[in-house]
Amino acid sequence: METVSTVEKLRQALELEEASDTLTVIPAETYIKLANYAQKLRAPAGSGSDDAPVRLAKKQLWLIEVMTRRLLHVRLAKAEKEEAAMPDDDQSTRSAKNLLPEERYINDVMRQLAKKEDRFVKAVVDGQPSFFTLVQRRETQRMTTVRISKRVGEIIGADLKRYGPFEVNDVARLPVGNAQVMVASKQAVPVSTDDY
């Protein structure tokens, strides 16, 4: 008897989730299995060949990406809807209990973003320009690490400090705004996505 493929299991999980009004329970190892399978597919897909197995591997990778993104979005939207319907005193027993730990990671980031957005809008409506002064100061002080990919002369950072000059493959800690400009112009690549 033929086993159900990983892509087919993902499709089934997505269809069940979309058909349900509440969060379904999915196996704890769902995303780990998907990542392991994608890792196996990447070997032939990255070979540069364009034969049928490589095209099939690339198509499966694309399907995994699209369906995983959809599954995650559907599940997070349901968790948010269920959470909003709960009384405030039930905050410790959030609907996120049916989310997997890796989904809760994304859910928490989205909640933090919503809180930041609320604070931002509240500062405008409440007439708090000091909030924006503080945010501007904090943003100009944020630093990130990049690897230099083209020779760059001395620059003045957003914090008004001098940085450089830099040679190819130098690693530099720069204000985020400067680093973003350098990455966009292909003068550098991010070293750590957590800082960026």
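Read-outs throughout are calculated quantities, based only on the coordinates presented, and are distinct from any laboratory measurement. Keep in mind that what you see is a predicted model, and the values were worked out from it rather than measured. Note that we place each Cβ from the backbone using ideal geometry, even for glycine, and neighbour counts take in every protein chain shown.
Mind checking which of ALA35, ALA13, ALA79 has the largest fluctuation in a GNM of the chain, springs on alpha carbons under 10 Å?
ALA35
Using a Gaussian network model on the chain with a 10 Å cutoff between Cα atoms, which of THR24, THR133, THR68 fluctuates the most?
Top of the fluctuation ranking is THR133.
Where in the chain is the longest stretch that carries no trypsin sites (Lys or Arg not before Pro) classed as loop by DSSP and with at most 11 other Cβ atoms within 10 Å?
Longest run free of exposed loop sites: 1-160.
Suppose we keep just the alpha-carbon trace of the chain; what are its Rg and Dmax in angstrom?
Taking only Cα atoms of the chain, I get Rg and Dmax of 22.7, 68 Å.
What is the distance in Å between the Cα centroid of region 172-193 and that of region 16-42?
34 Å
From the convex hull of the Cα coordinates of region 125-177, what is the mean projected area in square nanometres?
Directional mean of the projected Cα hull area for region 125-177 stands at 4.2 nm².
Identify the GluC sites (Glu not before Pro) of region 114-196 meeting these criteria: DSSP loop state and at most 14 other C-beta atoms within 10 Å of the C-beta.
Sites meeting the loop and neighbour criteria: GLU154, GLU167.
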